[in-house]
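Everything below concerns the one structure shown next.
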Amino acid sequence: MPGKVKVIVLAGNGINCEYETAYACTAAGANTVDTVHINELLRGEYAVGNYHLLCLPGGFLDGDDLGAAKACANRFRHATIANTGERFWDQMLHYIERGGLIFGICNGFQLMAKLGLVPALEGGYGEQKITLTFNDSGRFEDRWVHLKVNTASPCVFTKGMEKVYLPVRHGEGKFVAADHSITSQLKKKGLICLQYSDEACREATMEYSLNPNGSFNGVAGICDETGRIFGLMPHPEAYLHRTNHPRWTREELPEEGAGLAFFKNAITYIREHLC
Amino acid sequence: MPHRIEVAIKDDLRDSLGEKTAARMVNDLGFSVQSVRTIESYTIDTTLDKQQLELVARDAYCDPITQVWSVDRPLAKTFDWVIEVGFLPGVTDNVGRTAREALEASLSIHLKEDEKVYTSHQYLIQGDLSRTEVEQIATQLLGNPLINRFEIKSKEEWDPQKGFGPLVPKVTGLKGGEVERFDLEITDEKLIALSRERLLALSLEEMQAVQAYLKDTAIKQKRKEIGIGEGITDVELEAIAQTWSEHCKHKIFQARITYIDADGKEEVIEGLFNTYIKGSTETIRRALGKKDPCLSVFTDNAGVVAFNDQWSLAFKVETHNTPSALDPYGGALTGIVGVNRDPFGTGKGAKLIFNTDVFCFAPPDWPGPLPERVLHPKRIFEGVREGVEHGGNKSGIPTVNGSIVFDERYVGKPLVYCGTCGIMPRTIKGEPSHIKEAHPGDVVVMVGGRIGKDGIHGATFSSEELHEESPTSAVQIGDPITQKRMTDFLLRARDRGLYTAITDNGAGGLSSSVGEMAKEPGGCEIHLERAPLKYPGLDPWEILVSESQERMTLAVAPDKIDALFELASKMDVEATEVGRFTDSGVFHCLWHGETVAYLAMEFFHEGAPRMDLVARWQPPRPEEPVVDPPHDLTATLEGMLSRLNICSKESVVRQYDHEVQGGSTIKPLVGENADGPGDAAVIRSLLDSYKGIVVSHGICPRYSDIDTYPMMACAIDEAVRNAVAVGGDPARMVGLDNFCWPDPVQSEKTPDGEYKLAQLVRANKALYDYTIAYQCPCISGKDSMKNDFMAGEVKISVPPTVLFSVLGTIDDVRKAVTMDCKAPGDLVYVVGQTYEEMGGSEYFAMHGSIGNQVPQVRAEQAKEIYHKLHTAIMDGLIASCHDCSDGGMGVALAESAFAGGFGMEVDLRNVPAEGIVRDDYLLFSESQSRFVVTVNPAKKDAFLAIMKGITLGEIGRVPKGKAFIVTGLKGKKVIQGDIYKLKVAWQKPLGV
């Protein structure tokens, strides 16, 4: 469908931010936004290949019972599409190869990490090199954080942004990389797109509660080398209107919430490159 | 042969769960512990080869970046003591269920029904501890003997090859399928003994009613024909006990009460519920006429009101007190996911949009000894908090409003109020969504979780006081994910019109849900053997009354049944046909074709004899204490801010997701640093609309010590004024009442029953008077009437407590205001009159007294304040607005100041007051219907013009600095504080 931006928002099995994520996609200008249950995907009733942007919203996939999004990552790795026998994972690889975008938020980012969708260095999709683990505080927290945006990152979602203020709502958000070489490659390649930072968004920080979970290097979001596959712990879809901001009754703010920019960037990119 | 997979965090990484647990061993139990690390263990009850096990461990159970795993080999090393905590047989093991699914996915196999995965946790402790101390850690911190098993080994006892070995907590040895019959032609003593032995909680009169029913010739004849026999079956007896339980039937609220007031004047009340609660709602609805927002009140699982032309809201608040006393985590979790099913099971079903929670606990720093089987208040606090966290967060429902009340009398039974609101389109497939109707011939379908022995007798059990031998089968653990899967499925089924009625399986299980739904068609036929079980071996009566969670019952037209089952299977939700609705007039249950229950619907629902009770009001007269005026009011203010009932609850609120679903507008924490106490929540559930929902509550049990009439009035006023404070429209509010009372029925165990019942009557009278005065009809509610704890001779009763919740609207959320002062130079007003009403105040409580001048609610003045203030808010004239409640104006001023990050300079001589000559009383009197408001000087005239006729005083201004200065009645500076110091005092007790 030339010119029509098509988005698939995943739902079911404990995903619970699909409503506002789908709303964000529509508000950002997507033409079609389908909220699709995981089972519908695995039964072949919908296929990611028919879309430009796959959103993996926040939630508690399988209750985060084996660790955040772990059980779902395991399912996605092994699942076959019911009616074709095709491996779901192969569908995903084709989708990525064909240039599709993936946007994982919170539990969606945890899923991407455990599936090895990010950072996928040297195109190694499927190799888990990072994880999001239990917050140093040992507890779930809902709080807003200042994020420094890496302007040198290839990330298409954060284009034109320098800083952003968003809520985190998680108990397992501490970013850990497999080893130092992964971290240094992430840095070198500019894949660390977002970092928890001081209030001016100048410096990444390890200071609690500015850094709410103890993430190494203050990492809050990373992308793959194409910049099209991007995951972050904070919730852009929770800040679509100024009245979502915790201080909107005391500050002058633009009507549009800063979180919408991520979605707009993705849709602009799709219009320019994929439609 | 069972196998065991263990997963541990890599040695060089922090184990935050271990660290948190270690800190609690030190802080809560006072033990000497250096460190704790944890291991997760999965016991797999099936035969797999090594390669398969390793694949599962590596792929499904272990995070390769942070964890290591082992198969059939213990990982534990370097510890002084190791404790393993697992579940007892039959206890819900959510992680085990997911682990089983993950195993199947990894290996592409399907396990047999009884091949399960069981989880347990190991805690490796380094510290100088005795075995007794370690046992204490196990049972008092890590687990609960009611649901957990514990294994303890010291370093010396540990065999590094064997470890604990796989231990399978499988339910075995149950025979099941038994139906017992009872001859009720027995003496009264034996009737009551039967009720007691079977935990039926039926009174002698009720047992006699059953006896009389069986004697009826026509009934006898019918029972003979159907072949059930002359005696009553256990299935029937249990079903009656559930349906007639206080929990389900609200017998005390239905009772005929002779109320004798202090002057000896008698009055007969034909049911508190009908007279006062339903009575006031009907009066208000008539008065509102076309403006009446109510669509469905008191008839369904939740009350339904119109939100706008297209959408309606269904709101319900429940309590889950007894289960939370026994197992705080499981009890509260079940409480929240249980109340979720109320709006979900209302009308055709509503999508859940927010939760509320209010807890009443004993102080967490409880120093003294505790009665047998009472858990430490700190443990109850943390367990309940975590249960609600998991229940709300994992279900994707924001927890937007709540509070915590502390009083020593909640030590025996904590009160755990959980509320949930849902939204639904006003019509679905052309039919009004708030109406449901099962038809004869519709299929009875049970959806969601399976049935086990868990939660048997929950309804009858909560209808009795808690005692040392209370049954533990009432304890269960909720499963938010099974429920989430079910609700995802049901919302789709609803929108496709696949069912005609829905209700939840809560108290009383299938017997209540099917029994209730069968009222409309006029009967039902349930085949109990068809119900899916968690494990085999249940008796038919257990299947009927089990309260196993995450289940809904549907009525499905026969031509829709295939479509429903297909959708269910597609979405991995179990749906089972268990019977039919009929018009036979009979509640009919069968077990493999044999009739095991055959009760006339009318008797089943209406046969309970009505109670006749006496209430006698003797006002207590606590003495007005002599409190010396404090020398240093600054320190006194700090002391007040550190009171448990006033201090910051941020540490709890932060752990609740209050923003999911994207509509968060006024959050529970507000202000410069998002740490001030918001008065009420505002959410915008329809993201393409600016119309918002306002949620607030009031609760003031301390006032019950003087008189429950003003207590109720104050609770209503507090809820309404909180809603007004953020911008809620006082002309369009509805309420929910949740009564939690000590047993008010006079008996040997309750010699003061008549007084407690009089307290109940008085609270109801106030509810009637004030909901009518405020035109705020109750749309739903609940009562919990046996909140006592008995241990031998010791009885601990909760203070009579009512939670009044308000659901309101705001036309444009962009006009909402918060409580934090906004800018230097703004003028500070106190709106409303202050009286010397110190009775039941936090200030007197700080001095160990009650007093007798309890706050009165002057409804006419209050209404005028609310309407005018609302106009001022809508006109954008208010910078900040904070209600005065616990701790009065002094506390409100301080909170408004430090939340805004500015100081305050106020002069008490300008506070409109009557009869107060003391600075401390003026600051801390809890007179109702008052606000602290700040206004930009440029808007002063417009503000005052709107507020004309209202009692208010311009008492000062917001300065540039951080100083909090109060000039006293004698013109001297009586408080010279610093907002940061005040905030520290406020945040210290429970942390942030």
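The values are calculated or read from the model by the stated rules, or taken from the named source; none is laboratory data. What you see is a predicted model, and the numbers here were worked out from it, not measured in a lab. Note that we place each Cβ from the backbone using ideal geometry, even for glycine, and neighbour counts take in every protein chain shown. Just the protein is used for accessible areas: all its heavy atoms, side chains included, with ligands, DNA and RNA removed. Shrake-Rupley method; radii C 1.70, N 1.55, O 1.52, S 1.80 Å.
Enter the mean number of other protein chain beta carbons within 10 Å of the beta carbon of each residue in A:54-64, as an integer.
Values: counts 0, 0, 0, 2, 3, 6, 9, 2, 11, 12, 6.
Across A:54-64, the average partner-chain Cβ count within 10 Å equals 5.
Can you give the angle from 0 to 90° between the axis of helix B:561-570 and the longest principal axis of chain B, with both taken from C-alpha atoms, to the nearest 10?
Compared with the principal axis, the helix lies near 80 degrees.
Mind scanning B:LYS20/B:LYS153; A:LYS4/A:LYS70; B:LYS316/B:LYS394; B:LYS290/B:LYS939; A:LYS114/B:LYS50; B:LYS249/B:LYS691 and naming the pairs with a C-alpha gap bigger than 26 Å? Display every interim value, and only then the final one.
Numbers: B:LYS20/B:LYS153 21 Å; A:LYS4/A:LYS70 34 Å; B:LYS316/B:LYS394 20 Å; B:LYS290/B:LYS939 35 Å; A:LYS114/B:LYS50 24 Å; B:LYS249/B:LYS691 37 Å.
Where the Cα-Cα span goes over 26 Å, the pairs concerned are A:LYS4/A:LYS70; B:LYS290/B:LYS939; B:LYS249/B:LYS691.
Based on the Kirkwood radius over alpha-carbon pairs, what value in µm²/s does the Stokes-Einstein equation return for the translational diffusion coefficient of the stretch B:181-232 at 10 °C and 1.306 mPa s?
The Stokes-Einstein estimate is 139 µm²/s.
Describe numerically, in nm with one decimal, the distance between label points set 7 Å from Cα along Cα→Cβ at B:GLN126 and at B:ASP12.
Label at B:GLN126, label at B:ASP12, 1.7 nm between them.
Distance from a point 7 Å along Cα→Cβ of A:ALA178 to each backbone N in the stretch B:56-85: keep the residues under 11 Å and list them by number.
Answer for the stretch B:56-85: B:64-65.
Residue by residue through A:70-80, how many Cβ atoms from other chains fall within 10 Å of the Cβ on average?
Details: counts 7, 11, 3, 4, 10, 6, 1, 4, 8, 2, 1.
The shielding value for this peptide is 5.
Once the whole set of protein chains is in place, how much accessible area is left on A:THR249, using a 1.4 Å probe, in Å² to the nearest 10?
So the heavy atoms of A:THR249 present about 40 Å² to solvent.
Any chance you could tell me what percent of the C-alpha pair distances in the stretch B:84-210 go past 23 Å?
Summing the P(r) of the stretch B:84-210 above 23 Å gives 59 percent of all pairs.
Unpartnered cysteines of chain A (Cβ-Cβ under 4.7 Å counts as a partner)?
A:CYS17, A:CYS25, A:CYS55, A:CYS72, A:CYS106, A:CYS201, A:CYS275
Considering the stretch B:547-613, what Rg and Dmax in Å follow from its alpha-carbon atoms?
In order Rg, Dmax, the Cα atoms of the stretch B:547-613 give 16.6, 54 Å.
Keeping the other protein chains in place, figure out the carbon and sulfur percent of the accessible area of the protein assembly as shown, with a 1.4 Å probe.
On the way: 20840 of 42680 Å².
Solvent-exposed carbon and sulfur of the protein assembly as shown make up 49 percent of the total.
Could you please put A:ARG43, B:ARG37 in sequence from largest to smallest accessible area, using a 1.4 Å probe?
Details: A:ARG43 95, B:ARG37 70 Å².
Largest accessible area first, the residues go A:ARG43, B:ARG37.
For the stretch A:16-145, take the alpha-carbon Rg, divide it by the Kirkwood Rh, and send me Rg/Rh. If you can, show how the numbers build up before the last one.
On the way: Rg = 15.0 Å, Rh = 15.6 Å.
With Rh from the inverse mean 1/r over Cα pairs, Rg/Rh is 0.96.
Mind checking which of B:HIS3, B:THR818, B:SER885 is farthest towards the positive end of chain B's charge dipole, using Cβ charges of +1 (Lys, Arg) and -1 (Asp, Glu) about the Cα centre?
Highest projection toward the positive end goes to B:THR818.
Using the alpha carbon gyration tensor of the stretch A:157-275, what are the three equivalent-ellipsoid semi-axes (square root of 5 times each eigenvalue), largest first, in whole Å? Intermediate values should be presented prior to the final figure.
Values: eigenvalues 114, 88, 25 Å².
Equivalent ellipsoid of the stretch A:157-275: 24, 21, 11 Å, largest first.
Strictly greater than 26 Å: what percent of every Cα pair in chain A meets that? Spell out each step's value before the answer.
On the way: 13412 of 37675 pairs.
In whole percent, the long-distance tail amounts to 36.
Once all Cα-Cα distances of the stretch B:261-344 are split into 5 Å bins that start at 0, what whole-number percent is in each one?
3, 12, 14, 15, 14, 13, 12, 10, 6, 1, 0
Taking just the alpha-carbon atoms of the stretch B:788-874, what radius of gyration and Dmax come out, in angstrom?
Reported Rg and Dmax, both Å: 19.6, 62.
Short version: ³J(HN,Hα) in whole Hz for each residue of the stretch A:59-65, in order, from phi by Karplus 6.51 cos²θ - 1.76 cosθ + 1.60 (θ = phi - 60°), x for Gly and Pro, what are they?
x, 9, 4, 6, x, 6, 4
Hey, what's the per residue convex hull volume over the C-alpha atoms of the stretch B:204-302, in cubic angstrom?
Normalising the Cα hull of the stretch B:204-302 by residue number yields 189 Å³.
Ignoring ligands, DNA and RNA, how much accessible area is buried between chains A and B, both sides summed, with a 1.4 Å probe, to the nearest 100 Å²?
5400
Quote the accessible area belonging to A:ARG143 in square angstrom, nearest 10, computed with a 1.4 Å probe and with ligands, DNA and RNA left uncounted.
Rounded to the nearest 10, that gives 30 Å².
Give the cross-link partners of B:LYS560 among the lysines, using a straight C-alpha distance below 26 Å as the criterion and excluding same-chain residues fewer than 8 apart.
B:LYS560 reaches B:LYS348, B:LYS351, B:LYS429, B:LYS436, B:LYS484, B:LYS519, B:LYS570.
Once the convex hull of the C-alpha atoms of the stretch B:675-786 is built, how many Å³ does it hold per residue, rounded to a whole number?
Numbers: hull volume 14.0 nm³, N = 112.
So the per-residue hull volume is 125 Å³.
When we measure straight from the Cα of B:LYS940, which aspartates and glutamates land under 14 angstrom away, once same-chain ones fewer than 8 places off are left out?
B:ASP826, B:ASP875, B:GLU954
Sorted by accessible area with a 1.4 angstrom probe, largest first, how do B:HIS527, A:HIS235, A:HIS180 fall? Write down the numbers at each step before the final one.
Details: B:HIS527 25, A:HIS235 5, A:HIS180 160 Å².
Of B:HIS527, A:HIS235, A:HIS180, the descending order of accessible area is A:HIS180, B:HIS527, A:HIS235.
Give, rounded to the nearest 20 debye, the magnitude of the charge dipole that the stretch B:3-154 has about its Cα centre when Lys and Arg contribute +1 at Cβ and Asp and Glu contribute -1 at Cβ. Before the final figure, lay out each step's value.
Numbers: 17 positive and 25 negative charges, 28 e Å.
Computed about the Cα centre, the dipole is about 140 debye.
Under a point-charge model restricted to the Cβ atoms of Lys and Arg (+1) and Asp and Glu (-1), what is the dipole moment magnitude of the stretch B:181-232 relative to its Cα centre, in debye to the nearest 20?
Working: 9 positive and 10 negative charges, 52 e Å.
Dipole size: approximately 240 debye.
Taking each pair of distinct Cα atoms in the stretch B:798-946 once, what is the resulting Kirkwood hydrodynamic radius in Å?
On the way: mean 1/r = 0.0612 Å⁻¹.
With all distinct Cα pairs of the stretch B:798-946 included, I get 16.3 Å.
Jot down the per residue volume, in cubic angstrom and as a whole number, of the convex hull over the alpha-carbon atoms of chain B. Write down the numbers at each step before the final one.
On the way: hull volume 174.5 nm³, N = 992.
Spelled out: Cα convex hull of chain B, divided by residues, is 176 Å³.
Would you compute, from DSSP H runs of 4+ residues alone, the mean residue ellipticity of the protein assembly as shown at 222 nm, taking -39500 (n - 2.57) per run and dividing by the full residue count, rounded to the nearest 500? Write out the running numbers ahead of the final one.
Working: 37 runs with 368 residues, N = 1267.
Result for the protein assembly as shown, helices only: -8500 deg cm²/dmol.
Placing unit charges on C-beta atoms (Lys and Arg positive, Asp and Glu negative, everything else neutral), compute the dipole magnitude of the stretch B:45-124 about its Cα centre in debye, rounded to 20. Provide the component values of the computation, followed by the final result.
Details: 8 positive and 14 negative charges, 32 e Å.
Using only the charged Cβ atoms, the result is roughly 160 debye.
Using the Cα gyration tensor of the protein assembly as shown, with a ≥ b ≥ c the square roots of its eigenvalues, what is the shape: rounded (a/c below 1.5), prolate (a/b larger than b/c) or oblate (neither)?
rounded
What whole-number value in Å² describes the accessible area per residue of chain B for a 1.4 Å probe?
On the way: 33870 Å² over 992 residues.
Heavy-atom SASA per residue in chain B reads 34 Å².
Leaving ligands and nucleic acids out of the surface, order B:TRP69, A:TRP89, B:TRP366 by accessible area at 1.4 Å, largest first.
Numbers: B:TRP69 75, A:TRP89 20, B:TRP366 50 Å².
Largest accessible area first, the residues go B:TRP69, B:TRP366, A:TRP89.
With every protein chain left in place, what is the accessible area of B:VAL670 in Å² (1.4 Å probe, nearest 10)?
0
Once the mean 1/r over all distinct Cα pairs of the stretch B:3-154 is inverted, what Kirkwood radius in angstroms do you read off? Could you put the intermediate results ahead of the total?
Values: mean 1/r = 0.0618 Å⁻¹.
About 16.2 Å for the stretch B:3-154.
What does the average come to when, for each residue of peptide B:670-681, you count the partner chain Cβ atoms lying within 10 Å of its Cβ?
2
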